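What follows is a single structure, written as structure tokens, with notes after it.
The values are calculated or read from the model by the stated rules, or taken from the named source; none is laboratory data. Everything numeric in this text was worked out from a predicted model, so none of it was measured. Glycine gets a Cβ as well: all are built from the backbone with ideal geometry, and neighbour counts include every protein chain shown.
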Amino acid sequence: MDTTSRLLMFLDVVEFGNFAKVADSRHIDRSVISKQMNKLEEDLGVRLLNRSTRTFSLTAAGAEMVKKATEIRFLLSETLQIAENYHTEPRGLLKITSSSIIGRRYLQPVINDFQQRFPQVEIELLLEDRMVDIVGEGFDLAFRVGEPKVSNLISRSIARNRLIILASPAFINTYGEPQTIEELAKLPAASYSSSSLHVDEISYIDQQGKEISVPFHSIYRANDGDLLMLKILTGNAYFVSPAFLVADEIKQGLLKPILTHIKLPEFRHLYAIYPHRDLPVRTRLFFDAVREYIGKDVPIWEKNIPGFDHMYQ
């Protein structure tokens, strides 16, 4: 192993926080990591880590080497991307992360077609609703609802994502069909709730263009859109849903949009996020395939909602 490789391993040690996790990620013994770190310190002639039995801390020299190792990793990545862009046929590993529903419904069909067209591309898909560390975990592309807050990443809007208020015929038979948001807010609702987002109110746009928020009565909360859709199909709750969760439930008459005369604010767009502007050819082609599948003007999920153009506007 040369010095450059050891520096990259050193960077992994710092980012993962211990030798054991680096060993697991590289499928090698922990002792190999320790020996290579010792060799790196010998090569450079400085101590990089202050080690104890279970932990380590960076020395001043180690902190400087982290900066240089980060630059080296970036330069190597750029070099590989430039070389890959000269390939006439895309190849190699494409690492993608996405929220669960986006991955299952809208990425997997694209992946299936993409690998038929480009069989030399391997794809690794991680479905995580948490915001993963795209750079640190080595992902080429991430698909997320909502613009990322991390400023060092590139983000591009893929499609809009409007809201729709859904209830089943059984729910309407039991509670009647509400005519105002205030009436709706008194009825039992299902809502999204996770460690990072808790939805506990309905927002709408009044006639003066002002956004008004009204607390609602949630009887069921979950962090999975499919579970929320299953809940409202039972008939004992309604749901203010992002349009991308709708499949064929409305077309089949299982769910009905209600309060369609109310103007709702637009929900968060679907974004593609990536670490560098110069995408490798396989990444760029996959990005284009996703955008083509979802639709550049009217997203594919809105086509599942008859008459949606005239609702909630």
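Close Cβ contacts (under 8 Å, 6 or more residues apart or on different chains) running from residues in segment 145-174 that are on the phi > 0 side of the Ramachandran plot to residues that are exposed (fewer than 14 other Cβ atoms within 10 Å of the Cβ) and part of a strand (DSSP E or B) are absent.
When LYS296, LYS231 are checked against the criterion of being charged (D, E, K, R) and loosely packed, with under 13 Cβ neighbours inside 10 Å, a single residue qualifies: LYS296. Filtered by the rule that a residue be closer than 23 Å to ASP224 by Cβ and of a type in the set (A, V, I, L, M), segment 259-285 gives LEU264, LEU270, ALA272, ILE273. From the residues in segment 237-266 that are aromatic (Phe, Trp, Tyr) and at pLDDT 95 or above, which one is surrounded by the fewest Cβ atoms within 10 Å (Cβ to Cβ)? Residue satisfying both the conditions and the ranking: PHE239.
Kindly indicate whether any position in segment 267-280 is surrounded by fewer than 14 Cβ atoms within 10 Å (Cβ to Cβ), out of contact with any Phe, Trp or Tyr (no Cβ under 7 Å at 6 or more places or on another chain), under 17 Å from PRO90 (Cβ atoms) and at pLDDT 90 or above. No: segment 267-280 contains no residue that is surrounded by fewer than 14 Cβ atoms within 10 Å (Cβ to Cβ), out of contact with any Phe, Trp or Tyr (no Cβ under 7 Å at 6 or more places or on another chain), under 17 Å from PRO90 (Cβ atoms) and at pLDDT 90 or above. If you go through segment 203-216 and pick out every residue that is outside any loop (DSSP other than H, G, I, E, B) and out of contact with any helix residue (DSSP H, G or I) (no Cβ under 6 Å at 6 or more places or on another chain), you end up with 6. For ASP2, state whether it is exposed (fewer than 12 other Cβ atoms within 10 Å of the Cβ) and of a type in the set (D, E, K, R). Judged against the criteria, ASP2 is a match. For segment 9-29, filtered to residues that are under 13 Å from GLY136 (Cβ atoms) and touching a helix residue (DSSP H, G or I) at 6+ places or on another chain (Cβ under 6 Å), the residue that is surrounded by the most Cβ atoms within 10 Å (Cβ to Cβ) is VAL13.
When the criteria are applied in full, TYR220 fails the requirement of being of a type in the set (Ser, Thr, Tyr), in contact with a Gly (Cβ under 8 Å, 6 or more places away or on another chain) and outside any loop (DSSP other than H, G, I, E, B).
Filtering segment 263-305 to residues that are assigned to a loop (DSSP other than H, G, I, E, B), without any contact (Cβ under 8 Å) to a residue 24 or more places away in the chain and under 18 Å from the mean Cα position of the chain (by Cα) leaves nothing. Residues that are touching a strand residue (DSSP E or B) at 6+ places or on another chain (Cβ under 8 Å) and of a type in the set (A, V, I, L, M, F, W, C) within segment 30-83 comprise MET37, LEU48, LEU49, PHE56, LEU58, VAL66, listed in sequence order.
Of the residues in segment 127-138, at least one is in contact with a Phe, Trp or Tyr (Cβ under 8 Å, 6 or more places away or on another chain) and within 30 Å of ALA69 (Cβ to Cβ).
Quick one: is LYS39 touching a Lys or Arg at 6+ places or on another chain (Cβ under 8 Å) and either crowded, with 16+ Cβ neighbours inside 10 Å or free of Cβ contacts under 8 Å to residues at least 60 places away in the same chain (or both)? Yes: the conditions hold for LYS39.
Among the residues in segment 235-246, are any touching a residue at least 60 places away in the same chain (Cβ under 8 Å), assigned to a loop (DSSP other than H, G, I, E, B), under 17 Å from GLY103 (Cα atoms) and in the same structural domain as PHE171 (by TED's automatic domain parsing)? Checked against the condition, which is being touching a residue at least 60 places away in the same chain (Cβ under 8 Å), assigned to a loop (DSSP other than H, G, I, E, B), under 17 Å from GLY103 (Cα atoms) and in the same structural domain as PHE171 (by TED's automatic domain parsing), segment 235-246 yields at least one hit.
Can you tell which of VAL46, VAL32, VAL66 is surrounded by 12 or more Cβ atoms within 10 Å (Cβ to Cβ) and closer than 30 Å to ARG277 by Cβ? After ruling out the rest, the residue left standing is VAL66.
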